[in-house]
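Contents: one structure, followed by commentary.
The values are calculated or read from the model by the stated rules, or taken from the named source; none is laboratory data. Not measured: the values here are computed from a predicted model. Neighbour counts run over all protein chains shown; Cβ positions are idealised from the backbone, glycine included.
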Amino acid sequence: MTERSAIGHQRPPPNDRPLRLGLLVSHLRAEEKLILAAARARGIEVTPLFDRELVLDFAAPEAAASGLAVDVVLDRSVAHSRAGYTLRTLERWGMPTLNSADAVHLCDDKAQNTLALEVAGVPTPRTLLAYSVEAALRACESVGYPAVLKPVTGSWGRLLAKVNGPDQARAVLRQKQELGSFHHAIFYVQEYVPKPDRDIRAYVVGDRVLAASYRTAEHWVTNAARGAVSVPCPITPEIEGLALRACAAVGARLAGVDLIETADGLKIIEVNTGGEFRGLMTTTEVDIADEIVAEAVRTAGRGAVRQVAAVAR
């Protein structure tokens with residue numbers, strides 16, 4: 001009997017052995033170490049899969065043939081291109097993954113992310129895309145100054161620029177063009193939205209918003225990686241509804257959703273399938289790592305979410 005069913009999906013692992021969880025990582029950050037600990041506390045066999053060490057044989061009939069003896073893979077890689085290729089290959093083999101390759105692809109590209117939100121009717125700042133410096137300058141004029149320029153790929157608030165007029169915009173755009181990568185020649189232009197010195201990070205796992213925090217900073221980029229301070233934020237019906245709608249729009253089952261407060265109500269900036277939660281952990285008593293592991297178990301198709309350790313804790 002093969003590990004695959006007639007429709008090409010891997011069968012759920014037999015319930016008489018522990019679930020085998022593969023944790024796709026670039027390196028082990030604080031969050032990944034907590035996820036490893038939470039999985040092991042549940043009696044789950046968990047193995048870090050370092051993306052730089054993987055060899056994926058496209059001709060292999062199943063994941064095990066490439067040395068991946070796991071039942072489900074949880075993506076925590078910070079190398080989004082590696083994650084995308086890996087998840088797509090795993091899905092070809094019928095391996096359950098959290099998140100899906102499609103969700104990671106959409107969320108890795110800010111333009112695709114924003115477009116998916118617009119299509120779903122999720123409120124988001126006005127965004128224009130252009131492919132030349134002159135066209136991007138017209139886009140800036142259209143949204144009005146100051147305008148925000150972002151790379152279509154990237155994390156942690158890097159390479160964002162707020163331009164206050166056409167001369168500054170032209171200088172930044174030309175510099176981006178000279179960086180050489182085709183990604184930097186795709187100009188993502190967004191309206192600048194005045195806001196309190198904070199944004200909101202809502203953390204979604206499955207069909208729930210587990211926790212939310214205000215990320216406060218004096219800089220207009222209120223990102224934890226840029227030094228923003230996280231404080232508790234109540235999960236209002238509006239936050240919950242928008243965060244879940246945004247995740248549904250991109251197909252994400254595990255994500256950090258960034259929202260901003262505007263004069264017209266909350267708007268979604270983007271959905272991050274990487275889902276860092278180190279700052280958020282300081283604002284909530286929810287065991288985020290354990291909830292992530294529980295969602296991975298559900299993704300694997302196990303009937304019982306709680307795995308019982310073979311030995312007393």
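With (1) closer than 25 Å to Gly241 by Cα; (2) surrounded by 23 or more Cβ atoms within 10 Å (Cβ to Cβ); (3) charged (D, E, K, R) as the list, and Asp108 as the residue in question, which single condition is left unmet?
All conditions pass for Asp108, except number (2).
The conditions are (1) modelled with pLDDT under 95; (2) surrounded by 23 or more Cβ atoms within 10 Å (Cβ to Cβ); (3) assigned to a helix (DSSP H, G or I), and Ala296 fails exactly one of them. Which is it?
(1)
With the requirement that a residue be of a type in the set (A, V, I, L, M), more than 14 Å from Ala111 (Cβ to Cβ) and touching a residue at least 40 places away in the same chain (Cβ under 8 Å), what does the range 125-178 give you?
Passing the criteria: Val133, Ala135, Val143, Ala147, Leu160, Leu173.
Suppose we keep only residues that are hydrophobic (A, V, I, L, M, F, W, C), in a helix (DSSP H, G or I) and surrounded by 17 or more Cβ atoms within 10 Å (Cβ to Cβ) within the range 173-220. Which one would you say is farthest from the chain's Cα centre (by Cα)? I'd like the intermediate steps shown before the answer.
So the first thing to find is which residues in the range 173-220 are hydrophobic (A, V, I, L, M, F, W, C), and the list is 173, 179, 182, 185-187, 189, 193, 200, 202, 204-205, 209-212, 217, 220.
So of that shortlist, the ones also in a helix (DSSP H, G or I) come out as 173, 182, 185.
Then drop every residue that is not surrounded by 17 or more Cβ atoms within 10 Å (Cβ to Cβ), which leaves 173, 185.
Values: Leu173: 27, Ala185: 23 Å.
Filtering first and then ranking leaves Leu173.
For the range 109-161, name all the residues that are assigned to a strand (DSSP E or B) and either in contact with a helix residue (DSSP H, G or I) (Cβ under 9 Å, 6 or more places away or on another chain) or assigned by TED's automatic domain parsing to the domain that holds Glu270 (or both).
First, pick out the residues of the range 109-161 that are assigned to a strand (DSSP E or B): 127-130, 147-150, 161.
Those that are assigned to a strand (DSSP E or B) and either in contact with a helix residue (DSSP H, G or I) (Cβ under 9 Å, 6 or more places away or on another chain) or assigned by TED's automatic domain parsing to the domain that holds Glu270 (or both): Thr127, Leu128, Leu129, Ala130, Ala147, Leu149, Lys150, Ala161.
Within the range 228-284, track down each residue that is outside any strand (DSSP E or B), surrounded by fewer than 16 Cβ atoms within 10 Å (Cβ to Cβ) and modelled with pLDDT under 95.
Across the range 228-284, the qualifying residues are Ala263, Asp264, Arg278, Thr282.
What number of residues within the range 67-105 satisfy the criterion of being polar (S, T, N, Q) and either within 15 Å of Arg253 (Cβ to Cβ) or part of a strand (DSSP E or B) (or both)?
3
So Cys140 ticks every box in (1) surrounded by fewer than 19 Cβ atoms within 10 Å (Cβ to Cβ); (2) over 22 Å from Val205 (Cα atoms) but one. Which box is left unticked?
(1)
Kindly list, by first and then second residue, each pair from a residue in the range 19-38 that is not assigned by TED's automatic domain parsing to the domain that holds Ala255 to a residue that is of a type in the set (Asp, Glu) and at pLDDT below 95, limited to pairs with Cβ atoms under 8 Å and residues at least 6 apart or on different chains.
As it stands, the answer is Arg29/Glu276; Glu31/Glu276, since those pairs meet every condition given.
Of everything in the range 69-99, what is out of contact with any Leu (no Cβ under 7 Å at 6 or more places or on another chain), buried (at least 19 other Cβ atoms within 10 Å of the Cβ) and under 21 Å from Arg298 (Cα atoms)? Give them in sequence order.
The answer is Leu87, Leu90, Trp93, Met95, Pro96.
Need the failing condition index for Ala169 against (1) farther than 24 Å from Ala263 by Cα; (2) modelled with pLDDT under 95; (3) buried (at least 19 other Cβ atoms within 10 Å of the Cβ), just the number.
Ala169 satisfies all of (1) farther than 24 Å from Ala263 by Cα; (2) modelled with pLDDT under 95; (3) buried (at least 19 other Cβ atoms within 10 Å of the Cβ) except (2).
If a residue has to be on the phi > 0 side of the Ramachandran plot and of a type in the set (Lys, Arg) to count, how many in the range 19-66 make the cut?
Counting residues in the range 19-66 that are on the phi > 0 side of the Ramachandran plot and of a type in the set (Lys, Arg) gives 0.
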